[in-house]
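**Q** Got a structure here, written out as structure tokens. Questions coming.
Each reported figure results from applying straightforward, stated rules to the coordinates on display, with no laboratory input. Predicted, not measured: the structure shown is a model, and the values here were computed from it. We place every Cβ from the backbone using ideal geometry, glycine too, and count neighbours over all the protein chains shown.
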Amino acid sequence: MVLVGSHLDSQPFGGRYDGTYGVLAGLEALRSLDDAGATTLRSITLVDWTDEEGARFSPSLLGSGVVAGTIGLDDALARTDANGVTVAEELDRIGYRGTFDSSSLAVHRCFEAHIEQGPVLERTGTDIAVVTGVQAIRWFDVVIAGQDCHAGTTPHPDRRDALVAAAGLIEAVDALATTVNKDLRATVGEIRVQPNSRNVIPGRVRLAIDLRHPEPSVLDQAVTQLRTAAADIAERRGVTAEVRPVLDMPPTVFDAGTTELIRSTAAGLGYSTVEMSSGAGHDSMNVASRAPASMLFIPCVDGLSHTEAEDIRDDWAVNGAEVLLGAIRQAADERPDLDSHHR
Ligand SMILES: [Zn+2]
């Protein structure tokens with residue numbers, strides 16, 4: 001089959017198009033083929049991957065992870081949300097616990113349309129991004145330990161303030177994009193402070209760090225500088241700073257033939273295109289480990305995503321769906337004897 005789709009789940013506060021656009025664009029493409037009475041050599045299947053965001057059940061990319069074999073089905077079904085409810089219980093409750101054995105899935109090519117979730121397409125007036133892959137991701141936790149003590153009685157030279165040390169490290173992480181590589185993404189997205197009380201000097205802080213770049217060697221440099229910065233700040237502030245690796249996800253390179261189908265279809269329809277490495281993780285990363293897969297992006301307003309402000313224009317939505325339709329139609333008519341690239 002030719003597979004097309006994305007995901008319908010979202011982050012707690014949205015947005016409305018991240019994932020949903022790709023499922024509905026695929027649905028519209030299928031309906032258009034039906035409306036036209038078109039027949040294809042291969043079947044075309046629409047997919048809505050369960051729990052892409054991981055906002056309720058960890059890890060993210062859960063459904064496609066089962067298909068890719070990165071997480072076992074029983075393990076995925078046993079995952080619990082913050083209230084202890086399992087994926088299996090929720091699928092039973094809503095009537096979506098299927099019996100299809102995904103190990104028998106035979107995918108000829110997989111296509112996913114998605115909003116860019118960044119500002120490049122809108123800023124440059126480009127219609128479609130042809131996505132060549134997904135950049136590598138590394139996560140670290142940094143645990144900074146000093147000494148919590150009274151805010152009113154402890155002179156500053158005697159302090160071992162973990163939060164002041166964390167402030168320095170946050171600046172250092174942000175600066176990695178300047179010192180290492182301009183295309184590096186280096187973010188501190190989460191901070192936990194103990195004891196988190198106005199009149200107590202913070203004794204312990206945990207920072208959650210997200211580093212991304214298409215080239216693992218660039219990430220190696222960033223990690224080296226991160227460790228150096230953490231050690232320097234720790235020494236200066238009289239604290240300890242332990243850098244703990246949490247996730248090391250290699251880059252994904254999408255299938256060249258599938259990517260070319262998207263590019264040539266977009267060009268044939270008269271759309272402007274640009275090649276892009278995805279900054280965000282997507283289900284197509286998982287699919288790519290089993291079948292030829294690729295993605296296209298459409299612009300989103302002001303590059304905003306994972307927020308209620310996330311928005312797209314109607315003509316952008318139509319452009320992407322037309323490219324998707326053309327690409328899946330061609331893929332669905334490719335003959336089996338051309339399938340030498342298959343894994
Ligand atoms: Zn998404």
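**Q** Can you compute log10 of I(q)/I(0) for segment 1-148 with the Debye formula, treating each Cα as one identical point scatterer, at q = 0.11, 0.17 Å⁻¹?
**A** Calculated log10 I(q)/I(0) at the listed q: -0.56, -1.19.
**Q** Between THR45 and TRP139, what length comes free when the chain is fully extended (0.36 nm per residue of separation minus the Cα-Cα distance, one decimal in nm)?
**A** Extra length available between THR45 and TRP139 comes to 30.4 nm.
**Q** So which chymotrypsin sites (Phe, Trp or Tyr not before Pro) in segment 1-40 are both in a DSSP loop and have at most 10 other Cβ atoms within 10 Å of their Cβ?
**A** Answer in residue order: no site qualifies.
**Q** Still on this structure: Once every DSSP H run of n ≥ 4 in the chain is given -39500 (n - 2.57) and the sum is divided by its residues, what mean residue ellipticity at 222 nm do you get, rounded to the nearest 500 deg cm²/dmol?
**A** Calculated at 222 nm, the ellipticity per residue is -10500 deg cm²/dmol.
**Q** Which FRET efficiency value, to the nearest 0.05, do you get for SER103 and GLU275 by plugging their Cβ-Cβ distance into 1/(1 + (r/R0)^6) with R0 = 25 Å?
**A** Computed FRET efficiency for SER103 and GLU275 comes out at 0.15.
**Q** Roughly how tilted is helix 256-268, in degrees to the nearest 10 and between 0 and 90, from the longest Cα axis of the chain?
**A** Taking the Cα atoms of the chain, the angle to 256-268 is about 70 degrees.
**Q** So what is the diffusion coefficient of segment 167-227 in µm² per second by Stokes-Einstein at 10 °C and 1.306 mPa s, using a Kirkwood Rh over Cα pairs?
**A** 126 µm²/s
**Q** Another question, then. I need the trypsin sites (Lys or Arg not before Pro) found in segment 233-306, filtered to DSSP loop residues with at most 14 other beta carbons within 10 Å of theirs.
**A** Those that pass, being in a loop and sparsely packed, number zero.
**Q** Order of HIS114, HIS108 from fewest to most other C-beta atoms within 10 Å?
**A** By the 10 Å Cβ count, ascending: HIS108, HIS114.
**Q** Whole number please: convex hull volume per residue, Cα atoms of segment 137-187, in Å³.
**A** That works out to 86 Å³ per residue.
**Q** Now a separate question. Over all directions, what mean area does the Cα convex hull of the chain project, stated in square nanometres?
**A** Over all viewing directions, the chain projects a mean Cα-hull area of 19.9 nm².
**Q** Something else: List the trypsin sites (Lys or Arg not before Pro) within segment 154-203 that DSSP assigns to loop and that have no more than 10 neighbouring Cβ atoms inside 10 Å.
**A** Within segment 154-203, the qualifying trypsin sites (Lys or Arg not before Pro) (loop, at most 10 other Cβ atoms within 10 Å) are LYS182, ARG198.
**Q** For segment 136-249, what number results from the quotient of the Cα radius of gyration and 2.2 N^0.38 Å?
**A** It is 1.11.
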